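Working notes for the structure below.
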Amino acid sequence: IQKEALESIDNSQEMKELQAIKVTYLGKKGSLTSVLRGMGKLPAEERPVVGEIANRVRETITDALDEKNDKLESEALEKQLETEAIDVTLPGRPVQVGGPHLLTNIIEEIEDLFIGMGFEVREGPEVETDYFNFEALNLPEGHPARDMHDTFYITNDLLLRTHTSPVQARTMLGYDGDSSVKMICPGKVYRRDTDDATHSHQFTQIEGLYVDKNVRMSDLKGILDVFAKKMFGEDREIRLRPSFFPFTEPSVEMDISCKVCEGAGCSICKKTGWIEILGGGMVHPNVLEMAGYDPEIYSGFAFGMGPDRIAMLKYGVDDIRQFYTNDKRFLKQYHNA
Ligand code: PHE
């Protein structure tokens, strides 16, 4: 029995086999166990001799099993260490690093320029009430100029804001009509447009507002001139053309000179030497009044521009949809812009 057991222990390659061998020889119905059980039938003088032998055999087998078990265990560990070895000299896989979106960069650049001129940055809700988006801006219900803004209505009274001007109305209200306001409000706006190279149903705006005693049109012109030169280059000139907005009177549109130009708007620029970049004007007395200011004492200017358009002009992007479809190859070009 011992010889046979030791041989199979020696030949076994797995713990499972060892377990089976243990059962075969030492288990309840194992061969050594039956020898021990059969001892009762032996003559009394043979029992101690056979008992001793059987016990020795059991010990030998148990020892052999333990030894083999240890050996298999350490072999398995060895193997695991070998296959799971980490090559610390292997170069890492490059991680794809994102960066700020071009529009974010442009908006931050514009914010910095205006912060430098004493403007605060304010934000407001994108889901707006009809009151703040239109009414408080001198656009009562049924006003024909509402048609200029193709609006996404949510309910009769709630809509996706079509411009960031409601933030101005909200901010003015917060001042109780007796102190100056100097703020810009960047943010997303929405209009029901059919998307193409120059239209998007979602785009961004930055509007500015300055209300104080004695604010004049020349203040607006001065600030916008500084803005245009800082944003597009010191050699740029600006010109103001008369225009119409319900919330400003008089209203203007501002062009910048464009001797050098690339991409969007280039053909207009080549023809005239000017390209339109924003709208503005003197805050309408009705708007001041609704916000709690006395238009006899206070006056203000407001302006609004589209960072999408400015980014297109500045970087020669010829399709506004590039900003929203987020093709990584497009976005990557501007990570350090
Ligand atoms: N809110 C206007 C628009 O979206 C832009 C604007 C702002 C014009 C402030 C004048 C003054 O069309």
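Listed by first and then second residue, the pairs linking a residue in segment 147-159 that is at negative phi and β-branched (Val, Ile, Thr) to a residue that is away from the ligand (no atom under 12 Å from the Cβ) and open to solvent by less than 60 Å² (accessible area, probe 1.4 Å), with Cβ atoms under 8 Å apart and 6 or more places separating them unless they lie on different chains, are Thr151/Leu159; Thr151/Leu160; Ile154/Leu160. The single condition among (1) of a type in the set (A, V, I, L, M, F, W, C); (2) farther than 15 Å from Ile106 by Cβ; (3) in a loop (DSSP other than H, G, I, E, B) that Leu288 does not meet is (3). The set of residues in segment 192-214 being surrounded by fewer than 19 Cβ atoms within 10 Å (Cβ to Cβ) and either under 30 Å from Tyr293 (Cα atoms) or of a type outside the set (Lys, Arg) (or both) consists of Asp193, Thr194, Asp195, Asp196, Ala197, Thr198, His199, His201, Gln202, Asp212, Lys213, Asn214. For segment 142-156, the set of residues classified as out of contact with any Pro (no Cβ under 8 Å at 6 or more places or on another chain), within 16 Å of the ligand (Cβ to nearest atom) and not in a loop (DSSP other than H, G, I, E, B) consists of Pro144, Arg146, Asp147, Met148, listed by residue number.
Only one of Leu103, Leu139, Leu159, Leu113 is open to solvent by less than 60 Å² (accessible area, probe 1.4 Å), in a loop (DSSP other than H, G, I, E, B) and either within 29 Å of Leu313 (Cβ to Cβ) or aliphatic (A, V, I, L, M) (or both). Can you tell me which? Unique residue meeting the criteria: Leu139. Of everything listed in (1) of a type outside the set (S, T, N, Q); (2) more than 30 Å from Asp318 (Cβ to Cβ); (3) in a helix (DSSP H, G or I), the single unmet condition for Lys182 is (3). Checking each residue in segment 187-225 for being assigned to a strand (DSSP E or B), within 21 Å of Ala169 (Cβ to Cβ) and away from the ligand (no atom under 13 Å from the Cβ) picks out Asp212, Lys213. Count, please, the residues in segment 307-332 that happen to be open to solvent by 70 Å² or more (accessible area, probe 1.4 Å) and of a type in the set (Val, Ile, Thr). Residues that pass the stated criteria total 1. Quickly run through segment 281-292 and pick out the residues that are at negative phi and within 16 Å of the ligand (Cβ to nearest atom). Within segment 281-292, Met282, Val283, His284, Pro285, Asn286, Val287, Leu288, Met290, Ala291 qualify. From the residues in segment 294-329 that are of a type in the set (Phe, Trp, Tyr) and away from the ligand (no atom under 16 Å from the Cβ), which one is farthest from Val189 (Cα to Cα)? Residue satisfying both the conditions and the ranking: Tyr298.
The values are calculated or read from the model by the stated rules, or taken from the named source; none is laboratory data. Here the structure is a predicted model, which means the values were calculated and not measured. Don't worry about glycine lacking a Cβ; one is built from the backbone with ideal geometry, like all the others, and counts go over all protein chains shown. Just so you know, the surface numbers come from the protein's heavy atoms only, side chains and all, with ligands and any DNA or RNA stripped out. Shrake-Rupley method; radii C 1.70, N 1.55, O 1.52, S 1.80 Å.
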